[in-house]
Amino acid sequence: LNPPSVEGWHEGEEWVDSGSLIERINFASGEVGRTDAPGIQRMIELVRNSNDVLQPAEFVEDCLDALGFIDLGERSKSVLIDHAAQIGSFASDNPGSVERTVEMFQLIVSTPDYQYC
């Protein structure tokens, strides 16, 4: 006999394994990639409403704010800024600005900091 556990709901990180983490990342990335959804459109607008040209760190901060004032650790934030810097500054009137914003949203929700918050 091998009865199921009756300990109740797992809490904290103990319930997260590699399979469920990948599933969570894929789900979150898919949801923030739905540019037809009104909520996602609004978050994109929040980032693109700036009339200023945003430097990579400012762009990442604006994306974090649009997602709900997410507070990432310095290591995760540094990786995101480095990625944004590969493309350069962000201007809402540049071609591809929506795609770039959505990509940053997807990267943010894929970080361990976001998944474990």
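Filter the stretch 36-63 down to the residues that are among the basic types (Lys, Arg) and closer than 18 Å to LEU107 by Cβ and list them by number.
ARG48
Listed here are the helices (runs of 4 or more DSSP H) enclosed by the stretch 54-117 that have at least 1 residues being of a type in the set (Lys, Arg) and closer than 23 Å to THR35 by Cβ: 97-109. Is it the case that SER50 is touching a Pro at 6+ places or on another chain (Cβ under 8 Å), surrounded by 13 or more Cβ atoms within 10 Å (Cβ to Cβ) and hydroxyl-bearing (Ser, Thr, Tyr)? Spelling it out, it is not the case that SER50 is touching a Pro at 6+ places or on another chain (Cβ under 8 Å), surrounded by 13 or more Cβ atoms within 10 Å (Cβ to Cβ) and hydroxyl-bearing (Ser, Thr, Tyr). Residue count for the stretch 59-78, restricted to those that are free of Cβ contacts under 8 Å to residues at least 12 places away in the same chain, surrounded by 13 or more Cβ atoms within 10 Å (Cβ to Cβ) and of a type in the set (Asp, Glu): 1. Selection within the stretch 70-97: residues that are modelled with pLDDT under 95 and among the aliphatic types (A, V, I, L, M). The member of this set that is nearest to PRO56 (Cα to Cα) is ILE87. Taking the stretch 15-36 as the range and being part of a loop (DSSP other than H, G, I, E, B) and either within 16 Å of the chain's Cα centre (by Cα) or on the phi > 0 side of the Ramachandran plot (or both) as the test, the residues that pass are GLY33, ARG34, THR35. Is it the case that ARG42 is closer than 25 Å to SER18 by Cβ, surrounded by fewer than 18 Cβ atoms within 10 Å (Cβ to Cβ) and without any contact (Cβ under 8 Å) to a residue 24 or more places away in the chain? In short, no.
The values are calculated or read from the model by the stated rules, or taken from the named source; none is laboratory data. Note that the structure is predicted; figures quoted are calculated from it, not measured. Reconstructed Cβ throughout: ideal geometry from the backbone, glycine too, with neighbour counts over all protein chains shown.
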